[in-house]
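Peer 1: Sharing a structure below in structure tokens format, with a few things to ask.
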Amino acid sequence: MGEEITMRTNLFQPPFAAAIEKHLTETDGLLIVIVNKQLIITDHNRAFSNMIQRDVDLSGKKILDLLSPESKDGNPFAVPLTENFRRLNFVSSDKSTFSLDCTIDPIDDRFLIIGSHHILTNEQIVERMTVMSNELINMTRELHKKNRDLEEAQSQIKVLNGILPICMYCKEIRNDQGYWSQLEKYISQNSEAKFSHGICPKCMKEHFPKIENNKHVGDG
């Protein structure tokens, strides 16, 4: 027992202290944050900034502003601390949430927070995979539905293109099978256009001269 205490005491003495400090500062395994009594971050290691916003100094920010709403409830830094160990959910700059198992130690007028990544149990992993699988299935169904709607819409669109052989006298059109058909029939069969029949002034005069003459008499 005494030997273990001596080892721990010597662990943070030269020549090991500098190496340990460097490791804790640069490691991605442990997230270390120091906040003052106003809960403003005064220092942190690289791992913490990489999780929140890569290569950004977070000193001066309020620690509570980086926590998810459920982790703010009850103020985990209220003095006296009811418990030193807490699981805190942090929100990164891209709005994703990650959980840390944290120890919170009040030292003088500051708090030392040391966090490690929360390790999921097998049951939690299965639960999350099930949720992700269900979400993927729903997304796939929605994609198939949109593809069917698109195919249906495309099937209803008919476009006339290319060179259409048309008789210079009767104006009938020759189809791909070599048969001739009326212009309006051909267009109706090969597009979404519909025809309504009327008569232009020129044809009215040519084919119904009496009606046209009576019209002029009435106007006079």
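None of the figures in this text is laboratory data; all of them are computed from the coordinates on show. If you're wondering where the values come from, they're calculated on a predicted model, not measured in any experiment. Cβ placement follows ideal geometry from the backbone for every residue including glycine, while neighbour counts extend to all protein chains displayed.
Peer 1: So how do 96-105, 134-143 stack up, highest first, on mean other-Cβ count within 10 Å? Could the numbers behind the result be given before it?
Peer 2: On the way: 96-105: 15.1, 134-143: 10.0.
For the peptides 96-105, 134-143, the packing ranking is 96-105, 134-143.
Peer 1: Here's another thing I want to ask about it. What is the distance, in nm, between label points placed 7 Å from the Cα along the Cα-to-Cβ direction at Asp108 and at Asp57?
Peer 2: Here the modelled spin labels are 2.0 nm apart.
Peer 1: Now for a separate question. Could you work out the local net charge near Glu142, counting Lys and Arg as +1, Asp and Glu as -1, over the other residues with Cβ closer than 14 Å to its Cβ? Display every interim value, and only then the final one.
Peer 2: Working: positive: Arg141, Lys145, Lys146, Arg148; negative: Glu135, Asp149.
Here the count lands on +2.
Peer 1: May I ask you to evaluate 6.51 cos²θ - 1.76 cosθ + 1.60, the Karplus curve with θ = phi - 60°, for each residue of the range 137-147 and list the ³J(HN,Hα) values in order in whole Hz, giving x for glycine and proline?
Peer 2: Taking θ as phi minus 60°, the curve returns 4, 5, 5, 5, 4, 5, 5, 4, 5, 5, 5 Hz for the range 137-147.
Peer 1: Moving to a separate point now. Along Cα→Cβ, 7 Å out, is where each label goes; now give me the distance between the ones at Asn50 and Ala193 in nm to one decimal.
Peer 2: Going by the 7 Å Cα→Cβ label model, 6.7 nm.
Peer 1: Let me ask something else. Using 1/(1 + (r/R0)^6) with R0 = 41 angstrom and r between the beta carbons of Ile137 and Asp65, what's the FRET efficiency to the nearest 0.05?
Peer 2: Values: r = 36 Å, r/R0 = 0.89.
Efficiency for this residue pair is about 0.65.
Peer 1: Now for a separate question. Compare the peptides 178-187, 192-201, 39-48 by average per-residue count of other Cβ atoms within 10 angstrom and give them in order, highest first.
Peer 2: On the way: 178-187: 13.5, 192-201: 8.1, 39-48: 17.9.
Highest mean packing first, the order is 39-48, 178-187, 192-201.
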